[in-house]
Amino acid sequence: MSVVATATLPPVVGSFGIGRSRRGVSRIKMVVRSGVVSVAPILTKLQSECATPLPVLRRVADEMTADMRAGLSVEGGGDLKMILSYVDSLPSGNEKGLFYALDLGGTNFRVLRVQLGGKEERVIATEFEQVSIPQELMSGTSEELFDFIVSGLAKFTQQEGENFHLSPGRKREIGFTFSFPVKQTSIDSGILIKWTKGFAVSGTAGKDVVACLNEAMKRQGLDMQVSALVNDAVGTFAGAKYWDDDVMVGVILGTGTNACYVERMDSIPKLHGSFSPSGRTIINTEWGAFSKGLPLTVFDRDMDAASINPGEQIFEKTIAGMYLGEIVRRVLLKMAEEGAFGSCVPEKLFTPFILRTQDLCAMQKDNTDDLQAVGSILYDVAGVESNLNSRKLVVEVCDTIVKRGGRLAGAGIVGILQKMEQDSEGLIFGKRTVVAMDGGLYEHYPQYRRYIQDAVTELLGTETSQNVIIEHSKDGSGIGAALLAATNSKYGHDY
Ligand code: BGC
């Protein structure tokens, strides 16, 4: 679809200040323009700078592979931290008993319990609850955040129904999914390297997050124990592998992004020869920190500079749900300043993160002739009054940013798969290989999903890409964490 991005405006004599538009929307900056204004060049430039033709995809995939190797060679060798998960044995299906999962990774935390019934019965019952984290706790103190989480966990534990049975003499065990970069020190401990995704909680970085959780449980008299600390990508991987042995990669595309995969211990030089019994382990790549070869624009650079972690998580800031809406807002603001939406710039458009990725998705889903939903969202969310032309323009902007994100995510996936293939010829591309995906962006944004698949097919070719199955593993990370708590139970296995 192409649009003519012009709007006819009445001549305006510049005057600046907060005014009220016809429909009561605050408009603060008058655009000094006369006659026909064209913002087409902004869109054209954006599309060309965000373009991801095959050579760009290939470069990103190759850089991803190279960076993985660099991060495996020495600590800090590349953008990718390539963190050892200490998950050396995976759920086999034989796991039995009651296990909990606690999942902290975005604006919500989830608690979940699962009753496992072994090979025959598998997952007998699950229950979960989701609690949203108040904004102020995301920049409060570590104690406040962990106390809040533990009080949610305590409440949830009290509602344990009769489908759930704890074996006598045992404490309730938890798989703790903590979806931030953590330097694992064992399967049940790890130091927070830094917060991401807008969290700026003081006093946690540099500390063992399981110890933080244990202290909060002690403060509140909750007698449970953490048996596994896992990243959400690792949890998703484990949850999917429980059902399908061909799963080799786990990917999260939600508020943030990450990927993990199965690695051979002898391909990790920085380990200096330590081995797990299986000879394999799961590596948490922390690919959100990747930055090489990405097609970036002034809008990305400005957003990064204004973020709480400038210069960090560049791949994440280009492809993940927290940021796509904000990039689009910045483009629309620029267009508004050039007169795309009338003679004034709506005040709301100046508010960072006011446009969410869900809004982009809802606008892209609008297939009415006059793009009514686009018009309402623009007006309700950003105070933008639009006509059909400007609505088409906005949809094009959304598509440009979402297409770049989805295609780059696809290139990242190929980067991981090709690294695995290089090390074990035929074992990845020569057979069915499953990439387990989770996260709201992947789950709810059909165009984004399609762009991922397009990029994978373009990079691998039709034949090879048929062996690569990208599969949604819904809520895999919660169940996966509970399964890993079972696999790593403090009580050993009686099955
Ligand atoms: C974190 C990862 C996490 C990902 C997805 C990123 O910001 O660094 O640890 O897996 O978000 O939740």
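Things to note:
- From the options 228, 240, 211, residue that is among the small types (Gly, Ala, Ser) and in contact with a Leu (Cβ under 8 Å, 6 or more places away or on another chain): 228
- Boolean, residue 179 is among the small types (Gly, Ala, Ser) and within 16 Å of the ligand (Cβ to nearest atom): yes
- Selection of region 444-495 for residues being assigned to a strand (DSSP E or B), without any contact (Cβ under 8 Å) to a residue 60 or more places away in the chain and touching an Asp or Glu at 6+ places or on another chain (Cβ under 9 Å) yields only 472.
- Residue check: residue 279 meets all listed conditions (1) on the phi < 0 side of the Ramachandran plot; (2) more than 9 Å from the ligand (Cβ to nearest atom) but one, namely (1).
- Qualifying position, being under 20 Å from residue 481 (Cβ atoms), surrounded by 14 or more Cβ atoms within 10 Å (Cβ to Cβ) and out of contact with any strand residue (DSSP E or B) (no Cβ under 7 Å at 6 or more places or on another chain), among 148, 180: 148
- Failed item in (1) surrounded by 20 or more Cβ atoms within 10 Å (Cβ to Cβ); (2) over 16 Å from residue 174 (Cβ atoms); (3) free of Cβ contacts under 8 Å to residues at least 40 places away in the same chain, with residue 274 passing the rest: (1)
- Test: residue in region 240-250 that is within 16 Å of the ligand (Cβ to nearest atom), in contact with a strand residue (DSSP E or B) (Cβ under 6 Å, 6 or more places away or on another chain) and either open to solvent by 30 Å² or more (accessible area, probe 1.4 Å) or in a strand (DSSP E or B) (or both): yes
- Residue satisfying all of: in region 338-384; open to solvent by 30 Å² or more (accessible area, probe 1.4 Å) and among the small types (Gly, Ala, Ser); modelled with the lowest pLDDT among these: 343
- The criterion of at least 1 residues that are away from the ligand (no atom under 16 Å from the Cβ) and among the hydroxyl-bearing types (Ser, Thr, Tyr) is met by the following helices (runs of 4 or more DSSP H) wholly inside region 311-404: 372-382.
The values are calculated or read from the model by the stated rules, or taken from the named source; none is laboratory data. Keep in mind that this is a model prediction, so the values were computed, not measured. Glycine also receives a Cβ, built like all others from the backbone with ideal geometry; neighbour counts cover every protein chain displayed. All accessible areas refer to the heavy atoms of the entire protein, side chains included, with ligands and DNA or RNA removed. Shrake-Rupley method; radii C 1.70, N 1.55, O 1.52, S 1.80 Å.
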